[in-house]
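Below: the structure, in structure tokens.
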Amino acid sequence: MIEHMPQTVLVVEDEEDIAFPLVRTLQRDGYEVASVDSGEGALEELAARPADITILDLGLPDMDGLDVCRKAREAGYKGAIMIVTGRAGELDRVVGLDYGADDYLVKPFGVAELQARVRALLRRTGGAVASTEPVDPTGLRIDVDARRVYSGEQEVPLTGKEFEVLAILASHRDKVVSRGRLMADVWDENWYGSTKTLDVTIGRLRQKLEGVGVREKVVAVRGVGFRLETAPSS
Ligand code: CA
């Protein structure tokens, strides 16, 4: 069992009638919730206490929510951002331009939909990604049944293929698993195409593992395959 810190949510919304029930619902769901009613307030709050997820209204009194989104990313905010807008017509334009948001919701929305989206977003982004502190090297823990991977307390967000590759390598820890075996098990046993896909997946997997500072490394064994090595702890 892993003890999770409560996940944190920042609600950026100037309309009290919307903000208040939103905050209360999220608190009831067990999140630690902060709320601000302006863009400047949001940027200050995110700099001081980066929330795991920010629910950001586009129509704020002092600045455009999209500018808040862009500025937060420029300032190094790494949590998830869900944009909420009443301007349904603008959504296509907003999604097309990359402001660094992770999800979008059009008002009016149901509470259940918001709850589901928040959960999905936290699953996808791994929740506690907001920390910019250097991470201590920790061991990898793989929950095969739940298909989730943790580095210490932190979940590592992996795609399905990344998870499968890692699970196979981990079940043969410190031994080489051949490219052919990985391709057959993770993709398709009748796959005769290029193994570039495998290299791309391994590359992303490495990046994600390094990003959370795990001790284990995916090492390429030239001409043979890959091996998950446990680096000695310092
Ligand atoms: Ca508003």
**OP:** Just order 6-18, 108-120 by mean Cβ neighbour count inside 10 Å, highest at the front, would you?
**Re:** 6-18, 108-120
Subject >> Against the rule of thumb 2.2 N^0.38 Å, how large the Cα Rg of region 8-128 comes out >> reply: 0.94
**OP:** Using R₀ = 30 Å, calculate the FRET efficiency as 1/(1 + (r/R₀)^6) where r is the Cβ-Cβ separation of ARG124 and ALA47; round to 0.05.
**Re:** 0.80
Subject >> Label-point gap, in nm, between ARG141 and TYR104 - each point 7 angstrom along Cα→Cβ >> reply: 3.8
Original post:
For region 1-69, what is the accessible area per residue in Å² when the probe is 1.4 Å?
Top reply: 52
**OP:** Pull out the extension gain between GLN115 and VAL200, defined as 0.36 nm times the separation in residues minus the alpha carbon to alpha carbon distance; nm, one decimal.
**Re:** 27.3 nm
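In whole percent, and with a 1.4 Å probe on the protein chains, what portion of the accessible area of region 8-128 is carbon and sulfur? Intermediate results must be reported in sequence, preceding the final value.
Numbers: 2870 of 5820 Å².
Taking all protein chains in place, region 8-128 shows 49 percent carbon and sulfur surface.
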Original post:
Label-point separation (nm) for ARG222 and LYS78, each offset 7 Å from Cα along Cα-to-Cβ?
Top reply: 3.2
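The values are calculated or read from the model by the stated rules, or taken from the named source; none is laboratory data. On a predicted model such as this, the values are computed, not experimentally measured, just so you know. Cβ sites come from the backbone with ideal geometry, for glycine too, and all protein chains shown count toward neighbours. Just the protein is used for accessible areas: all its heavy atoms, side chains included, with ligands, DNA and RNA removed. Shrake-Rupley method; radii C 1.70, N 1.55, O 1.52, S 1.80 Å.
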